[in-house]
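Data block below; observations after.
Read-outs throughout are calculated quantities, based only on the coordinates presented, and are distinct from any laboratory measurement. As the structure is a computational prediction, the values presented were derived from the model and not from experiment. Quick reminder, even Gly has a Cβ in these numbers, built from the backbone with ideal geometry, and neighbours come from all protein chains shown.
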Amino acid sequence: MSVAREMTPERAIEALTWAADVAGDPALFDRKPERPAPAEWRAVPPPVFREHMDRLLTSKHPEPGLDAIESVGCLDAWLPEVAAMVGFGDNEWRHKDVWKHTKQVVKQSVPRAEVRWGALLHDIGKPKTRRIDDRGNVTFHGHAEVGAAMFRKRVADRIGFEGAECDRIHFLILHHLRAAQYDEDWTDAAVRRFYNQMSDGLRDLLDLSRADITTKRPEKRRRGVQQISLLAKRIRELQEEDTKVAPLPKGLGTVIMEAFGLPPSKRLGDLMKQLTAAAEAGDVEPQRPAEYYIAYLAERREEYRLED
């Protein structure tokens, strides 16, 4: 009676190494090793898989590396959520192939491991959320939320993502559509709300959002990239504004109204702007008690049109 050979990970690790090497030098693709059996893939320790995948994803040519790792059965064993996107939606429903799109997003994203993992996994919710209406239009409503839940419940533990790294990749999957929804009509309050919600993940999210624009139409691509850039510019401007120390103390407007009998009005607003400009120019000292500015204005009633 023959005894089944215990599967060891050596051949699978060899295939992993080859795929990661291909991501550095696509010419190595022709040196494809024998395809490991599913049990051999399952025998690979998660830290070893992560080590090779990190190298593949952050290499100069991740697209052929991903083609390589898919061709030897690795995705089926380790990332079936990604394998489900291979060939998904190319011809049948006339929308772009999700796997081709995903590989391009990985390639276009900055080579930081967490961002590229986010790029690889950002659309894993699409196969489960595809709907076709009566006109043949395809939608993926809620795919970001579904994909984020799939990552948290299945992928993270399997691959060994933990702590802040796990949280960041989950964050990128969940919010990858948010920046692309930006419109120049957003108020400053809306932009502030957005960047406060995105917190320290903002940089990675904007980088992923730029990479997620893969349209072949140059004008559409230009508009998409421009919108992300405009959002980033507004965020920088508002953050700079928010970090400035206000030159005048809070509540000064109320004190001025009481001292000079002024009602809430454009006149009061103009007066506050004049005082702010004077403080920024160094004509008055910033952040002094309100009485200081009342005395300053009282001495210059005519200049500030505060005649009795």
Item checked: the chain: most fluctuating residue of V115, V82, V48 per GNM, C-alpha cutoff 10 Å -> V48
Notebook entry, point to check: Quick one: Debye curve from the C-alpha atoms of the stretch 104-172, no solvent, what's log10 I(q)/I(0) at q = 0.14 Å⁻¹?
Noted result: -0.47
Margin query: With only alpha-carbon atoms in the gyration tensor, what are the semi-axes of the equivalent ellipsoid for the stretch 177-231, in Å, largest first?
Written below: 21, 14, 7
Notebook entry, point to check: For the chain, what are the per-bin percents of Cα-Cα distances with bins 10 Å wide, up to the bin holding the maximum?
Noted result: 5, 21, 23, 16, 10, 10, 8, 5, 1, 0, 0, 0
Item checked: Highest-MSF residue in the chain out of I69, I132, I213 [GNM, Cα springs under 10 Å] -> I132
Note to self: Going by Cα centres, the stretch 188-248 and the stretch 1-76 are how many Å apart?
What the structure shows: 37 Å
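Take the cross-link list K32/K100; K60/K126; K153/K220; K60/K128 and give me the ones stretching past 25 Å between alpha-carbons.
On the way: K32/K100 21 Å; K60/K126 27 Å; K153/K220 35 Å; K60/K128 31 Å.
Violating the 25 Å Cα-Cα cut-off are K60/K126; K153/K220; K60/K128.
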Margin query: Taking just the alpha carbons, could you work out the radius of gyration and Dmax for the stretch 79-243, both in angstroms?
Written below: 16.3, 52
Note to self: Can you give me the angle between helix 218-243 and the longest principal axis of the chain, using Cα atoms only, in degrees from 0 to 90, rounded to the nearest 10?
What the structure shows: 50 degrees
Note to self: Give me Rg/Rg_expected for the stretch 252-298, where Rg uses Cα atoms only and Rg_expected = 2.2 N^0.38 Å with N residues.
What the structure shows: 1.07
Margin query: Using a 7 Å offset from Cα along Cα-Cβ at M7, what residues in the stretch 35-64 end up with backbone N under 20 Å from the label point?
Written below: 35-53
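For S229, S199, which order do you get if you count the other beta carbons within 10 Å of each Cβ and list the fewest first?
Numbers: S229 12, S199 9.
Ordered by Cβ neighbours within 10 Å, fewest first: S199, S229.
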Checklist line | Proximal aspartates and glutamates to K103, defined as alpha-carbon separation beneath 16 angstrom and excluding residues fewer than eight positions away on the same chain | finding: D54, E63, D67, E70, E81, D90, E114, D123, D207, D212
Item checked: Per-residue HN-Hα couplings for the stretch 148-163 [Karplus 6.51, -1.76, 1.60; θ = phi - 60°; Hz; x = Gly/Pro] -> 5, 5, 4, 4, 5, 7, 10, 5, 4, 5, 4, 8, x, 6, 9, x
Next item on the list: Springs between alpha-carbon atoms under 10 Å, Gaussian network over the chain: tell me which of S109, S71, S209 tops the mean-square fluctuations.
Entry: S71
